[in-house]
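Rule-based calculations on the coordinates, nothing more; no lab input. Note that the structure is predicted; figures quoted are calculated from it, not measured. Note: ideal-geometry Cβ built from the backbone for every residue, glycine included; neighbour counts use all protein chains shown.
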Amino acid sequence: MTSILDARDLTVEIPTEDGIVHATEKVSFSVEEGSLFGIAGESGSGKSVLTQAIMGFLPNAAISGQVTFEGEDLLTLSRRRLRTLRGARIGMIFQDPLSSLHPYYTIGDQIAEMIHTHEKVSRKAARERVIAMLTRVGIRDAAHRFDDYPHQFSGGMRQRVMIAMALILNPPLVIADEPTTALDVTVQAQIIALLDEMRRELGTTVIMITHDLSLLSSIADRVMVMYAGNRMEIGPAGTLFSAPVHPYTAGLLNSSPSRYTPGAMIEPITGRPPSLLSPPKGCVFRPRCAKAMDICRKPPPLRRYDDGTQALCWLETESAAAEAAATGDIP
Ligand code: SF4
Ligand code: MG
């Protein structure tokens with residue numbers, strides 16, 4: 001399988017009045033063509049910042065690393081080139097469609113505008129394409145609804161419109177940031193199913209960002225779990241959900257109303273995520289980790305497993321075992 005997007009050591013630091021926010025710390029991941037790659041973590045874990053940095057939405061941040069997409073390093077592209085890529089090569093879906101849609105333009109015109117910005121086509125041809133796409137994403141009577149305004153749609157329907165807009169230019173990659181957070185549970189499931197169906201039909205690669213890890217269990221191929229700007233665990237969804245190796249992933253799974261282990265006890269992770277102005281030294285999860293050892297005061301290594309899982313953790317390492325033997329601790 002070839003990867004469509006490759007991030008290497010992506011570090012984002014954002015200057016604020018209170019100091020520098022260490023938003024992400026050397027995050028590496030690669031997304032395989034045609035797959036659904038999930039990024040999960042609590043709010044403030046850096047998951048949105050990652051994609052905002054990639055898309056050039058953080059002009060004031062200090063960003064280092066490399067993000068290769070179709071042979072180009074996105075971090076070194078001009079604003080002009082990035083603007084061309086957005087929409088045409090990388091579609092985006094955000095949490096709140098109302099803030100992404102212009103209230104004074106009709107739904108149809110806004111999607112058609114996407115086409116006109118990137119392609120030379122007649123108004124009639126663009127209109128037909130938009131109507132066809134709106135129909136595909138489940139907007140009934142799309143020919144009439146073309147001329148409706150965003151406020152005339154329900155939240156779920158607006159998110160369908162956003163999906164149509166993200167897919168109208170048939171970009172190879174779509175980034176969906178909390179696409180269903182503002183919706184109620186039933187509609188949420190419909191939108192997730194629609195996204196999954198569309199990406200299979202069109203062969204689109206999707207990066208889906210969510211605070212709700214369980215949302216990814218049925219659709220993601222690989223999942224990356226973020227915490228305090230660090231990539232804690234990354235691996236095939238199947239094993240990540242059934243046998244997480246990182247204590248934080250295990251904690252997240254235990255603390256969410258789970259759809260994968262019905263009836264299981266919900267145990268919240270105690271404590272709060274650290275301030276990213278001064279993240280803990282060593283393992284950032286140490287203050288909340290029930291399995292923390294002395295050695296966790298040092299930056300943890302990246303453990304690699306045969307199935308492609310990687311975890312940023314001292315557990316199951318020889319150094320941890322050696323140190324525990326020396327100090328009499330049990331790792
Ligand atoms: Fe817990 Fe240590 Fe692993 Fe961090 S490195 S998650 S503190 S066991
Ligand atoms: Mg976010």
Inset, instruction - Would you list which aspartates and glutamates come within 12 Å of K291, measuring only between C-alpha atoms, while excluding same-chain residues fewer than 8 positions from it? - result: E316, D329
Legend entry - Label-reachable residues, segment 203-218, where backbone N falls under 13 Å from a point 7 Å from V185's Cα toward its Cβ: 215
Inset, instruction - Place a +1 charge on the Cβ of each Lys and Arg in the chain and a -1 charge on the Cβ of each Asp and Glu, then give the dipole magnitude about the Cα centre in debye, rounded to the nearest 20. - result: 640 debye
Inset, instruction - Hey, can you grab everything whose amide H is under 5 Å from the amide H of Y227? Only 5+ residues off in sequence or another chain; H modelled, so Pro and N-termini drop out. - result: M232
Legend entry - Euclidean distance of C-alpha centroids, segment 93-142 and segment 170-196, integer Å: 17 Å
Legend entry - Residue order, fewest to most beta carbons within 10 Å, for M157, M224, M55: M55, M157, M224
Inset, instruction - Provide the net charge surrounding D96, with neighbours chosen by a C-beta distance below 13 Å and charges set as Lys +1, Arg +1, Asp -1, Glu -1. - result: -1
Inset, instruction - Starting at the first residue of segment 44-49, write each ³J(HN,Hα) from the Karplus equation 6.51 cos²θ - 1.76 cosθ + 1.60 with θ = phi - 60°, in whole Hz, x for Gly and Pro. - result: x, 7, x, 5, 6, 4
Legend entry - Cα long-axis angle, helix 318-327 against the chain (0 to 90 degrees, to the nearest 10): 40 degrees
Inset, instruction - Determine the shape class of segment 52-114: with a ≥ b ≥ c the square roots of the Cα gyration tensor eigenvalues, call it rounded for a/c under 1.5, and otherwise prolate if a/b is greater than b/c, oblate otherwise. - result: prolate
Legend entry - Of A164, I111, S43, farthest towards positive along the dipole that unit charges on Lys, Arg, Asp, Glu beta carbons give the chain: I111
Inset, instruction - Kindly put S218, S78 in sequence by how many other C-beta atoms sit within 10 Å of each C-beta, fewest to most. - result: S78, S218
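When 1/r is averaged over all different Cα pairs and the result inverted, which Kirkwood radius in Å belongs to the chain?
Over the chain, the inverse of the mean reciprocal pair distance is 21.1 Å.
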Legend entry - Full-stretch length increase - I219, K26 - with 0.36 nm per residue and alpha-carbon distance subtracted: 66.8 nm
Legend entry - Label-zone membership for segment 75-96, site T68, 7 angstrom Cα→C-beta point, backbone N under 17 Å: 75-77
Legend entry - Tilt relative to the chain, helix 155-167 - C-alpha long axis, 0 to 90 degrees, to 10: 90 degrees
Inset, instruction - Among L5, P15, G87, pick out the residue whose Cα is farthest towards the positive end of the charge dipole of segment 1-123, where Lys and Arg carry +1 and Asp and Glu carry -1 on C-beta, about the Cα centre. - result: G87
Inset, instruction - Taking the chain as the reference, fit the longest principal axis to its C-alpha atoms, fit the long axis of helix 79-88 to the helix C-alpha atoms, and give the angle between the two in degrees, 0 to 90, nearest 10. - result: 70 degrees
Inset, instruction - First select every other residue whose beta carbon is under 15 angstrom from the beta carbon of R200; then total the charges, Lys and Arg +1, Asp and Glu -1. - result: -4
Legend entry - Theoretical FRET efficiency, 1/(1+(r/R0)^6), r = Cβ-Cβ of S278 and D196, R0 45 Å, to 0.05: 0.70
Inset, instruction - State the antiparallel share, in %, of DSSP beta bridges confined to the chain, rounding to the nearest 5. - result: 60 percent
Inset, instruction - Can you tell me the dipole magnitude for segment 99-169 around its Cα centre, using point charges on the Cβ only (Lys, Arg +1; Asp, Glu -1), in Debye to the nearest 20? - result: 180 debye
Inset, instruction - Name the aspartates and glutamates eligible as straight-distance cross-link partners of K26: C-alpha to C-alpha under 19 Å, and not fewer than 8 places from it in the same chain. - result: D6, D9, E13, E42, D73, E233
Legend entry - For segment 277-282, 3J(HN,Hα) per residue [Karplus equation, 6.51 cos²θ - 1.76 cosθ + 1.60, θ = phi - 60°, Hz, x = Gly/Pro]: 6, 9, x, x, 6, x
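When ranked by the protection proxy of mean other Cβ atoms within 10 Å per residue, highest first, what sequence do the peptides 205-212, 116-123, 317-324 form? All intermediate terms of the calculation are to be shown ahead of the outcome.
Details: 205-212: 22.8, 116-123: 11.9, 317-324: 14.9.
Listed from highest to lowest mean packing, they are 205-212, 317-324, 116-123.
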Inset, instruction - With θ set to phi - 60°, apply the Karplus curve 6.51 cos²θ - 1.76 cosθ + 1.60 along segment 104-121 and write out the HN-Hα couplings as whole Hz, x wherever there is a Gly or Pro. - result: 9, 10, 5, 3, x, 4, 5, 6, 4, 4, 4, 5, 5, 5, 10, 9, 8, 9
